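Following: one structure in structure tokens, then a few remarks.
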Amino acid sequence: MQRSEIINWLRETDPGRLEDLWRLADRTRRENVGDEVHLRGLVELSNHCVRLCGYCGLRAANAGLQRYRMSDDEILLCAHQAIEFGYGTVVLQSGEDPQLTRGRMTGLIRRIKAETPLAVTLSLGERDDDELAEWRRAGADRYLLRFETSNRALYDRIHPPKADVPSAAKRRKSDRLAILGTLRELDYEVGSGVMIGIPGQTFDDLADDIELFGRIELDMIGVGPYLCHPDTPLADRRAWPDAPAGRQVPADEIMTYKVIALTRLVCPRTNIPATTALATLNTDYGRELGLVRGANVAMPNLTPPKYRILYEIYPDKACLAETGLKCHRCLSARIKALGRRPGAGRGDSPNYHQRLTIGTENVVRDRPE
Ligand code: SAH
């Protein structure tokens with residue numbers, strides 16, 4: 001797809017023409033990844049974080065947040081619930097928490113892999129190469145790390161260096177694209193994505209993001225609207241102004257559907273979730289509309305409610321007070337009502353299987369710069 005087409009769609013406001021985009025994305029989804037909706041049970045295992053991301057409520061400097069870390073036994077209970085509900089994957093997500101040490105995570109991954117047939121996805125932030133390698137060897141299958149925005153200057157502004165790390169080496173600039181390259185070399189299934197409507201993010205930036213998705217051949221791409229958390233720096237609109245009039249991307253529902261649909265057209269075989277952030281903007285139908293406009297994955301939350309309310313990356317998150325069982329029933333009913341079916345098995349990325357079949361020696365490794 002030409003860049004000018006991407007920009008035109010991002011700026012399109014005519015409901016009739018947008019219907020064409022939704023139809024095209026839905027057809028492309030059906031032809032490439034089918035009617036199954038893969039379910040990934042999400043476990044938010046810790047809200048401790050050493051980072052200072054300007055957008056995220058878990059940031060280290062947010063002293064008002066009560067912190068928690070789940071025990072291995074609690075996490076295993078969630079994994080067993082995932083099996084009971086028929087999910088193929090458990091996603092272990094957290095703030096960047098040094099207490100989730102290499103050894104602790106290795107033990108946890110081994111235990112989940114020994115006790116269950118689940119695929120294990122990690123989303124633990126920016127971790128060292130040797131940790132990522134060891135967790136892969138322990139059996140972790142996938143890793144999610146959004147690059148958040150491809151605009152380097154904007155990224156640096158919203159994503160300052162780590163808190164409390166004295167050594168110059170560790171204060172090096174975060175480079176999530178480099179980590180995605182490492183994950184790829186370690187043979188993880190690799191997921192990434194961006195936020196939509198970050199203050200200062202322009203239509204050109206967002207078009208760059210979508211073009212980059214196409215170039216780095218991801219297995220999973222999660223996109224969701226930026227949602228303002230009042231206790232974060234980005235909430236100060238004087239310090240974090242919008243891009244000049246007419247250039248700022250709105251952080252709204254329609255823009256999110258456009259990015260999901262365009263991502264499907266640019267990356268036909270990738271797994272694309274209808275995200276919680278989208279469901280937060282439209283609790284009634286956000287997930288469903290995502291699923292009929294390009295998405296093929298949903299991530300029901302398995303985190304026990306007492307912890308779930310504390311995993312506040314942004315306020316008023318969808319399904320905050322629900323139990324895993326309630327999320328499960330609700331999502332299953334919604335998927336069936338769309339005439340789709342919950343995925344059987346692990347729901348691996350077809351891109352990943354293709355890479356394995358071809359053999360890595362023949363794959364042109366399009367490493368992100
Ligand atoms: N510590 C992990 C997991 C963070 S939460 C990591 O950094 O990868 C997962 C995603 O939630 C982030 O990548 C970000 O894209 C999204 N997120 C965080 N704060 C948000 C906000 N205020 N609005 C919308 N999405 C947000």
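Observations
- Summarising the overall dimensions of region 102-255 from its C-alpha atoms, the Rg and Dmax are 17.4, 55 angstrom.
- Largest-first principal axis extents of the Cα set of region 1-146 (Å): 52, 38, 28
- At 0.890 mPa s and 25 °C, Stokes D of the chain from Kirkwood alpha-carbon radius, µm² per second: 118 µm²/s
- In straight-distance terms, cross-link reach from Lys306 covers every one of the aspartates and glutamates whose alpha-carbon lies under 13 Å from its own, apart from those fewer than eight places away in the same chain; here that gives Glu44, Glu74, Glu322.
- In this structure Glu148 has an accessible area near 20 Å², from a 1.4 Å probe over the protein heavy atoms.
- For region 240-251, putting each phi into the Karplus relation 6.51 cos²θ - 1.76 cosθ + 1.60 with θ = phi - 60° gives couplings of 10, x, 5, 5, x, 3, x, 10, 5, 6, x, 8 Hz, in residue order, rounded to whole numbers and with x for Gly and Pro.
- The chain: most fluctuating residue of Gly200, Gly103, Gly41 per GNM, C-alpha cutoff 10 Å: Gly103
- By the Stokes-Einstein formula, at 1.306 mPa s and 10 °C, region 231-344 with its Kirkwood radius over alpha-carbon pairs has D equal to 100 µm²/s.
- Gyration tensor analysis over the Cα atoms of region 188-235 returns equivalent ellipsoid semi-axes of 23, 14, 7 Å (largest first, whole Å).
- Convex hull of Cα atoms in region 65-169, direction-averaged projection (nm²): 8.5 nm²
- Once the 1.4 Å probe is applied to the protein heavy atoms, the chain comes out at 41 Å² accessible per residue.
- Going by accessible surface with a 1.4 Å probe and the largest first, Cys56, Cys228 read Cys228, Cys56.
- Net lengthening on full extension, Asp72/Ala133 (0.36 nm per residue, minus Cα-Cα): 19.9 nm
- Taking the chain as a whole, the Cys residues whose C-beta sits 4.7 Å or farther from every other Cys C-beta are Cys49, Cys78, Cys228, Cys267, Cys319, Cys327, Cys330.
The values are calculated or read from the model by the stated rules, or taken from the named source; none is laboratory data. Here the structure is a predicted model, which means the values were calculated and not measured. No Cβ is skipped: glycine too gets one built from the backbone with ideal geometry, and neighbour counts run over all protein chains shown. Each accessible area value is taken on the protein alone, full model and side chains, heavy atoms only, with ligands, DNA and RNA left out. Shrake-Rupley method; radii C 1.70, N 1.55, O 1.52, S 1.80 Å.
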